[in-house]
Amino acid sequence: MIKKSILNKAVALVLTAGIMFTGCGKSGQDATEGSTAQVTSQEEVTTEASTEAEPALQERVCPADAEHVKIIGHAAYEKDSLWLVTSASGAEFTFRGTKAEITFNGDSTAVKVGGDKNSQARVAIYVNGERVADEMIDDLTKTITAFESDDEEEVTIKVVKLSEAANSTTGIKEIKVTSYEDIKPTEEKELYFRFIGDSITCGYGVDDEDKDHHFSTITEDATKTYAYLTAENLNADCDLFSFSGFGILSGYTSDSNTINETSTVPQYYDKLGFTYGASYKGMKPVDYDWSFEREPDVIVINLGTNDASYTKGDAEKISSYEELYVDFLKKVREHDKNSKIVCVLGLMGSDLMGAVENAVQAYSEETGDSNVYTMEFDARKSDEGLAADWHPTYASHKRGAEKLTAYIQELLAK
């Protein structure tokens with residue numbers, strides 16, 4: 001990568017054409033095009049040597065790496081692209097200019113021949129807080145124009161993966177802007193939350209308010225979940241580590257005599273994520289460790305709805321759930337020593353809420369860790385309707401976010 005620089009003070013060669021330096025690299029033009037200064041004599045070289053070259057409005061192609069974008073959620077820069085894995089993962093950057101295009105790479109679900117459109121990645125693009133694009137990544141390469149104007153503007157662009165990791169991932173191949181300087185990452189917000197959950201946290205079916213319809217990434221939107229809305233309410237960065245059908249003891253099962261051990265969160269918590277089969281450039285997120293670089297102020301765990309399909313009121317099974325919940329709390333605390341942990345349940349049934357409370361009490365008594373809390377969501381209201389497969393609607397998520405927001409505000413004020 002060529003970095004923006006000033007003219008070297010040691011330059012002694014008389015140049016016959018101006019030179020433009022760019023950090024991201026230029027697209028389809030010679031290095032001498034668009035120059036704002038021309039040096040024609042040794043005297044001019046000496047005069048200009050210590051002066052930074054004036055920036056010019058120019059097309060620049062930038063990678064979506066940490067130098068140029070704020071990386072959001074469980075995402076990783078691998079194989080020259082920003083790999084977006086979990087729900088609400090993405091990137092955010094600013095620039096001053098007239099145009100911005102974002103090129104995405106599709107994963108194995110994006111192949112048109114034999115691809116399943118209900119499992120492709122869904123992404124949204126926001127410009128200065130307004131959603132301007134909502135697209136399925138249905139090809140191996142897809143370019144979306146995010147912003148275009150005749151006038152130069154200060155622009156903040158945010159890319160958000162709306163769909164979950166279990167069925168598909170995607171990647172930002174490059175960001176092309178017409179601007180005066182390279183794109184720059186936005187600042188981290190003061191607060192940072194992590195949400196650990198299942199389909200509710202993923203926003204399963206939130207854009208399909210018909211309870212008789214079934215799963216599709218097309219109708220998932222993580223930005224309409226209680227989790228994302230809570231983070232927005234409190235102006236926090238957020239990270240969603242969630243997968244539909246997942247639990248702690250057992251994932252969803254239609255037969256309470258058969259445990260679903262594959263779909264449990266604790267075994268993947270140290271990883272970048274999980275997919276059932278989708279691969280990105282030959283990579284699968286379960287093969288990559290998560291860094292845990294930034295400690296969340298608050299970690300919210302919402303797991304138990306799918307476990308209830310297995311426990312079904314059985315005391316022995318519920319006891320096993322409680323024991324594994326304690327173990328998971330220890331694992332979470334091992335990585336993040338000071339985070340407040342809030343264990344919640346509801347929005348789609350609270351059968352195991354008592355077990356969650358028991359697990360938190362047992363954990364605190366064993367470890368002496370009193371920085372773990374519980375909160376139960378209020379039951380859904382009949383006038384809020386039902387989304388696909390009986391999941392919460394946006395109205396239910398919004399009301400849940402209001403309660404969780406107030407609860408976290410109280411915790412942070414302590």
For D134 and D369, compute 0.36 nm times the residue count separating them, minus their Cα-Cα distance, and round to one decimal in nm. 80.3 nm
Take the residue pairs K312/K403; K70/K176; K271/K317 and return only those whose Cα atoms are more than 22 Å apart. K312/K403; K271/K317
Give the accessible area for D327 in Å² (nearest 10); use a 1.4 Å probe, count only protein heavy atoms, and leave out ligands, DNA and RNA. 80 Å²
About its Cα centre, the chain carries a charge dipole, from +1 on Lys and Arg Cβ atoms and -1 on Asp and Glu Cβ atoms, whose size in debye to the nearest 20 is 380 debye
Under the rule that a partner needs its Cβ under 4.7 Å from the first Cβ, which Cys of the chain have none? C202, C238, C343
Heavy-atom accessible area of R60 with all protein chains present, probe 1.4 Å, nearest 10 Å²? 10 Å²
Top to bottom by accessible area (1.4 Å), largest first, where do E366, E384, E190 land? E190, E366, E384
Computed FRET value (nearest 0.05) for E357 with E148, which takes r as the C-beta separation and R₀ as 60 Å: 0.65
Simple label model, 7 Å out from Cα along Cβ direction - T156 to N257, nm: 5.7 nm
Taking θ as phi - 60°, what are the ³J(HN,Hα) couplings along segment 161-178 by the Karplus curve (6.51, -1.76, 1.60), each to the nearest whole Hz, with x for Gly and Pro? 7, 7, 9, 8, 6, 4, 9, 6, 10, 7, x, 8, 6, 6, 10, 10, 10, 9
Per residue convex hull volume, Cα only, segment 253-380, in Å³ is 130 Å³
Over all distinct alpha-carbon pairs, what is the Kirkwood Rh of the chain in angstrom? 23.0 Å
Suppose all protein chains stay in the model; what accessible area per residue would a 1.4 Å probe give for the chain, in Å²? 43 Å²
Over the heavy atoms of S396, what accessible area does a 1.4 Å probe trace out, to the nearest 10 Å²? 0 Å²
May I ask you to evaluate 6.51 cos²θ - 1.76 cosθ + 1.60, the Karplus curve with θ = phi - 60°, for each residue of segment 223-236 and list the ³J(HN,Hα) values in order in whole Hz, giving x for glycine and proline? 6, 9, 8, 4, 5, 4, 5, 4, 4, 5, 4, 9, 6, 10
For the chain, the charge dipole (Cβ of Lys, Arg +1; Cβ of Asp, Glu -1; about the Cα centre) points to a positive end, and the Cα of G106, V177, A91 closest to that extreme belongs to G106
Mind checking which of P285, S199, S216 is farthest towards the positive end of the chain's charge dipole, using Cβ charges of +1 (Lys, Arg) and -1 (Asp, Glu) about the Cα centre? P285
Using label points projected 7 Å from each Cα along Cα→Cβ, tell me how many nm separate D212 and D383, to one decimal. 2.6 nm
Toy charge model, Lys and Arg Cβ at +1, Asp and Glu Cβ at -1: segment 326-390 dipole around Cα centroid in debye, rounded to 20, equals 240 debye
Amide H to amide H, which residues 5 or more places from L303 or on other chains are under 5 Å from it, using H placed in the peptide plane? V344
In the structure shown, do any of K79/K161; K117/K211; K79/K142; K158/K331; K284/K330 have a Cα-Cα gap over 23 Å, and if so which? K158/K331; K284/K330
By the scheme Lys and Arg +1, Asp and Glu -1, what is the net charge of all other residues having a beta-carbon under 11 Å from that of T275? -1
Per q in 0.09, 0.15, 0.22 Å⁻¹, report the Debye log10 I(q)/I(0) for segment 151-282, using one uniform scatterer on each alpha carbon and no solvent. -0.35, -0.88, -1.41
Gyration tensor verdict on segment 104-210 (Cα atoms; rounded if a/c is under 1.5, prolate if a/b is larger than b/c, oblate otherwise): oblate
Based on DSSP H runs of at least 4 residues, each adding -39500 (n - 2.57), what is the mean residue ellipticity at 222 nm of the chain after dividing by all its residues, to the nearest 500 deg cm²/dmol? -6000 deg cm²/dmol
How much length is gained on full extension from K117 to E316, taking 0.36 nm per residue of separation minus their Cα-Cα distance? 67.5 nm
Counting only C-alpha contacts under 8 Å and six or more residues apart, can you give the relative contact order of segment 235-276 as a whole percent? 33 percent
Counting DSSP beta bridges with both ends in the chain, the antiparallel % (nearest 5): 70 percent
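The values are calculated or read from the model by the stated rules, or taken from the named source; none is laboratory data. Quick caveat: nothing in here was measured; it's all calculated off a predicted structure. For neighbour counting, all protein chains shown are included, and Cβ atoms are generated from backbone atoms with ideal geometry for every residue, glycine included. Surface areas here come from the heavy atoms of the whole protein model, side chains and all, with no ligands, DNA or RNA. Shrake-Rupley method; radii C 1.70, N 1.55, O 1.52, S 1.80 Å.
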